Ligand SMILES: *Cc1c(COP(=O)(O)O)cnc(C)c1O
């Protein structure tokens, strides 16, 4: 199992390298290992192999794993991915080693995160989530709402570091074709940076998952979130 996992990690890192070389990206996209439903032991194996960034999207599961791994994996960098329920924000923000929240989805979210992070005297990286496919069940805002959130976080939320945008996108896209969701996110960052007078290179684009991360890199992704092709298919009980 463990050696399989390392082989998967190396294969994915290699594809990321190849894709960024092929599409002339200066900076290699970050690999976020999405470990939801997978045991802490697998996370520790990847940590021991040198990997640091892990993504989870259930607060309670993240809480348990963060506690269990705090000692063996002191440098671990947890990313919360997706839209969190507002009432769970205090619990989420209390997690040690929480490195980044990828999924601010409303103005209410932004102010609650700011208040909770400030209470703890901390600072937290955040990405604003775009619902680029405009699906009812997905979190995030449209382009105008995302710009409003980005403005608010960068000017009114001193304890939050605005670091970019993320999208999940429609699962119906062809993974090897130009993806309109990735394009919408790319355009959003351009638009916000131009309005705010900020350099595009300072802001990340979190997009691309197991089946389409190469296409996402082709379209400018700076962070890919890979779960099943790294850890194996998820089993929900
Ligand atoms: C589960 C999840 C992923 C990983 O999906 P895979 O297809 O298993 O790579 C990426 N992003 C988010 C927000 C997720 O919830």
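The values are calculated or read from the model by the stated rules, or taken from the named source; none is laboratory data. Note that the structure is a prediction, hence the values are computed from the model and not measured. When we count neighbours, we look across all protein chains shown, and the Cβ atoms used for this are built from the backbone with ideal geometry, even at glycine.
Applying the selection to region 216-229, what residues are over 25 Å from residue 145 (Cα atoms) and either surrounded by fewer than 21 Cβ atoms within 10 Å (Cβ to Cβ) or away from the ligand (no atom under 16 Å from the Cβ) (or both)?
Those that are over 25 Å from residue 145 (Cα atoms) and either surrounded by fewer than 21 Cβ atoms within 10 Å (Cβ to Cβ) or away from the ligand (no atom under 16 Å from the Cβ) (or both): 218, 228, 229.
Residues to consider are 121, 103; find the one that is on the phi > 0 side of the Ramachandran plot, away from the ligand (no atom under 16 Å from the Cβ) and either under 17 Å from the mean Cα position of the chain (by Cα) or surrounded by fewer than 23 Cβ atoms within 10 Å (Cβ to Cβ) (or both).
Just a single option satisfies the conditions, and that option is 121.
Can you tell me which residues in region 45-58 are surrounded by fewer than 17 Cβ atoms within 10 Å (Cβ to Cβ) and free of Cβ contacts under 8 Å to residues at least 40 places away in the same chain?
Residues satisfying the conditions are 48, 50, 52, 58.
For region 62-97, which residues satisfy the criterion of being assigned to a strand (DSSP E or B) and crowded, with 20+ Cβ neighbours inside 10 Å?
Passing the criteria: 78, 79, 80, 81.
Looking at residue 182, is it part of a helix (DSSP H, G or I), within 22 Å of residue 21 (Cβ to Cβ) and without any contact (Cβ under 8 Å) to a residue 60 or more places away in the chain?
Considered against the rule, which asks whether it is part of a helix (DSSP H, G or I), within 22 Å of residue 21 (Cβ to Cβ) and without any contact (Cβ under 8 Å) to a residue 60 or more places away in the chain, residue 182 comes out as yes.
Under 8 Å between Cβ atoms, at least 6 apart or on separate chains: pull out the pairs that start in region 16-44 with a residue that is away from the ligand (no atom under 16 Å from the Cβ) and end on any residue that is in a loop (DSSP other than H, G, I, E, B).
Here the result reads 17/28; 20/27; 20/28; 20/29; 25/220; 27/222; 44/72; 44/73, each pair linking region 16-44 to a residue that is in a loop (DSSP other than H, G, I, E, B).
Being surrounded by fewer than 24 Cβ atoms within 10 Å (Cβ to Cβ), within 12 Å of the ligand (Cβ to nearest atom) and under 15 Å from the mean Cα position of the chain (by Cα), is that true of even one residue in region 192-206?
Within region 192-206, not a single residue is surrounded by fewer than 24 Cβ atoms within 10 Å (Cβ to Cβ), within 12 Å of the ligand (Cβ to nearest atom) and under 15 Å from the mean Cα position of the chain (by Cα).
Out of the residues in region 149-173 that are modelled with pLDDT under 95 and at negative phi, state the one that is surrounded by the most Cβ atoms within 10 Å (Cβ to Cβ).
Going through the qualifying residues, I end up with 173.
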